Amino acid sequence: LKMEISKNGLDLIKSFEGFSSKPYLCPAGVPTIGYGTTLYPNGAHVKMTDKPIREEDAVSILRYWIDRTYGASVNRYIQKDITQNQYDALVSFAYNLGVGALKSSTLLKRVNKGKNKKASKEFLKWDHAGGKRLAGLTRRRKAEATMFLA
């Protein structure tokens, strides 16, 4: 059964990514636009010289990558029936950290064993960037864990 992101899931991702009509460098130094987008649907990388985009374009690019990559990976790797909230939380996690992080995570292993309480605690282990705990990531992981258990 192929699940799709809900409005709540999309809103969670949008709230943490924030919208930028103009390209900017993310904390990792990668040119980014819209809602955390580094690649356009045509495969081109975002460049700092790119023209601004409208918010509705940013939303459609976000949906494109969620449907094609991040949501698809959650559908591929989860072997148990999960709720919409669990799906949305896992997609947010994958969008922020990458498909590889999800695939290799204890979070995924616990979800697939049906250990949802234990799985929810795994989100909080992923709040570091460059070896430092970042408050924004801690907030995001807590929100994902809360959504996951809702």
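The values are calculated or read from the model by the stated rules, or taken from the named source; none is laboratory data. Note that this is a predicted model, so its numbers are computed, not measured. Here the Cβ positions follow ideal geometry from the backbone for every residue, glycine too, while neighbour counts run over all protein chains shown. Surface accessibility is based on the protein's heavy atoms, side chains included, excluding ligands, DNA and RNA. Shrake-Rupley method; radii C 1.70, N 1.55, O 1.52, S 1.80 Å.
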Q.
Normalised by the empirical 2.2 N^0.38 Å for globular proteins, what value does the Cα Rg of the chain take?
A. 1.02
Q: Determine which lysines satisfy two conditions relative to Lys22: a Cα distance under 19 Å, and not lying fewer than 8 residues away in the same chain.
A: Lys14, Lys47, Lys51
Q: Measure nothing but the geometry: give the 0 to 90° angle between the long axis through the Cα atoms of 84-97 and the longest principal axis through the Cα atoms of the chain, rounded to 10°.
A: 50 degrees
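Using only Cα atoms, what is the ratio of the radius of gyration of the range 37-94 to 2.2 N^0.38 Å?
Relative to the rule-of-thumb radius for its length, the range 37-94 sits at 1.34.
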Q. For the range 42-55, in order, what is each residue's ³J(HN,Hα) by Karplus, 6.51 cos²θ - 1.76 cosθ + 1.60 with θ = phi - 60°, in whole Hz (x at glycine and Pro)?
A. 7, x, 6, 6, 5, 10, 5, 8, 5, 5, x, 10, 7, 4
Q: Compare Thr49, Thr83, Thr37 by solvent-accessible area with a 1.4 Å probe and give them largest first, with all protein chains kept in place.
A: Thr49, Thr83, Thr37
Q) Expressed as a whole percentage, what fraction of the accessible surface of the chain belongs to carbon and sulfur atoms when a 1.4 Å probe is rolled over the protein heavy atoms? A) 54 percent
**Q.** GNM result for the chain, Cα springs below 10 Å: residue of Leu107, Leu12, Leu97 fluctuating most strongly
**A.** Leu97
Q.
Report the gain in length on full extension from Thr69 to His128: 0.36 nm times residue separation, minus Cα-Cα distance, nm rounded to one decimal.
A. 18.9 nm
Q. Between Ser21 and Val99, what FRET efficiency follows from the Cβ-Cβ distance if R0 is 25 Å, with the result rounded to 0.05?
A. 0.40
